[in-house]
Amino acid sequence: MDAVSTMEEILRRIISLRKNLEEDLKHISHHIQKMDEEVFNFVVSRLKKEIEIVKRYKPPVRPAIDPLVSSYLGVYSGLEFAGEYGKLMGYPSCCIESFKSVRFAIDEEHLKEAESFKGEGKFAVVITSGFIPCSLKCREAWRRCLIGVVSQREYKRIIKLEEELSRELPHYHGGYTEYYEKIVLLSPTSR
Ligand SMILES: [Zn+2]
């Protein structure tokens, strides 16, 4: 599984939910089916454009889905359906459960775990923004390109990708300006 294919899978599901009601994604199915044609097409085209950009960068971890797309999908207002949204976004069930137990942010525990990733050529831990793993070591999250450790070179490329995404897909969704959470591993003195 690579970052692009995980995003293509989300797009495929959104298009499928427009026509087919899925039992495990009932709320989102209804929501997507109620959208105006115009809004739905806009959501699909934004996501396609985001995927096209990501394809050129091939990052090891996928960026967050365009905030405007997420907002139209109701991600931010549907906290009571966190399980469904998590599933649509391809999050592992262990991480969805941990999120539902009110672990809403990257916390001390995650930062402590990050320490153990320190090593030669390892510059930072990157996580898909909006995704809160049950653990930084969650194997399923790594497999699904939601967490990774990058070198300084890869890190710079990720910053470039973020810049291009915000330039090409402008939005005014406050409180959400980055597509990745980043935990830099080097201590300030060794930089
Ligand atoms: Zn997990």
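The values are calculated or read from the model by the stated rules, or taken from the named source; none is laboratory data. Everything quoted here is computed from the prediction, not taken from an experiment. Glycine also receives a Cβ, built like all others from the backbone with ideal geometry; neighbour counts cover every protein chain displayed. For accessibility, only protein heavy atoms count, side chains too; no ligands or nucleic acids. Shrake-Rupley method; radii C 1.70, N 1.55, O 1.52, S 1.80 Å.
Quick notes on this one:
- For segment 101-112, taking the residues that are away from the ligand (no atom under 12 Å from the Cβ) and charged (D, E, K, R), the one that is least open to solvent (accessible area, probe 1.4 Å) is identified as Asp107.
- Restricting attention to segment 139-175 and to residues that are over 19 Å from Ile53 (Cα atoms) and among the aromatic types (Phe, Trp, Tyr), the residue that is modelled with the highest pLDDT turns out to be Trp142.
- Output for segment 106-141, where each listed residue is hydroxyl-bearing (Ser, Thr, Tyr) and under 20 Å from the mean Cα position of the chain (by Cα): Thr128, Ser129, Ser135
- Matching residues in segment 48-100 - criterion: being free of Cβ contacts under 8 Å to residues at least 40 places away in the same chain, open to solvent by less than 20 Å² (accessible area, probe 1.4 Å) and either more than 16 Å from the ligand (Cβ to nearest atom) or of a type in the set (Lys, Arg) (or both): Val69
- Qualifying residue in segment 9-27 (condition: within 16 Å of the ligand (Cβ to nearest atom) and either farther than 26 Å from Ile159 by Cα or aliphatic (A, V, I, L, M) (or both)): no
- Some residue of segment 4-23 being open to solvent by 20 Å² or more (accessible area, probe 1.4 Å), within 17 Å of Pro63 (Cα to Cα) and not in a helix (DSSP H, G or I): no
- Residue count, segment 113-140 (criterion: open to solvent by 50 Å² or more (accessible area, probe 1.4 Å), closer than 18 Å to Pro60 by Cα and in a helix (DSSP H, G or I)): 2
- Condition broken by Asn41, with the remaining ones in (1) surrounded by 12 or more Cβ atoms within 10 Å (Cβ to Cβ); (2) more than 15 Å from the chain's Cα centre (by Cα) satisfied: (1)
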